[in-house]
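A short worksheet on the structure shown next.
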Amino acid sequence: MSVFEQIDRLLLTAAVVLVLVAGLLLLVRIWRGPSMLDRAISLDVIAALIIAGLGAKSAVALDSFYFPIMLVLAFLGFTGSVGIARFIAVRDRPVVTVPSRAQGRDAGETKEGPK
């Protein structure tokens, strides 16, 4: 084994170790929260870490078998993130104040935006 192959093997091993450590830290973030958005972002980053892990495995094995799987996982991660973002945007819609013609102290009534 040449020096370049040893360096390559060492860097790939370091990449796999860093992906595993990042995965463990993300599991802690999912467990502790504090908000639902933090958990959703952590799940999206875990999908990216799975893709990175598959890429590292493909590089170690010198095999391109996992590339279509990585592409499908990237698409699913993207669509999941967009779905979660739309759900949170609808849930956290601000309250709109609509002025009315009534005179008095409570001249405006509050309504939520269109559904």
Derived scalar couplings ³J(HN,Hα) [region 81-87; Karplus, 6.51 cos²θ - 1.76 cosθ + 1.60; whole Hz; x for Gly, Pro]
5, 5, x, 5, 5, 5, 4
Taking the Cα of I88, stepping 7 Å toward and past its beta carbon, and measuring to each backbone N in region 48-68: which are under 19 Å?
48-49
Between A74 and V96, take the C-beta separation as r, use R0 = 41 Å, and let me know the FRET efficiency to the nearest 0.05.
0.65
Quote to one decimal, in nm, the extra length available between M1 and L24 on full extension: 0.36 nm per residue of separation minus the C-alpha distance between them.
5.0 nm
Rounded, prolate or oblate for region 1-102? Axes are the square roots of the Cα gyration tensor eigenvalues, ordered a ≥ b ≥ c, and the cut-off for rounded is a/c under 1.5.
prolate
Accessible area (Å², per residue) of region 3-92, counting only protein heavy atoms and a probe of 1.4 Å:
74
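The values are calculated or read from the model by the stated rules, or taken from the named source; none is laboratory data. Since the structure is predicted, the reported quantities are computational estimates derived from the model, not experimental observations. Counting neighbours? That spans all protein chains shown, and the Cβs are built from the backbone with ideal geometry, glycine included. Protein only, heavy atoms only, side chains kept; ligands, DNA and RNA dropped before computing areas. Shrake-Rupley method; radii C 1.70, N 1.55, O 1.52, S 1.80 Å.
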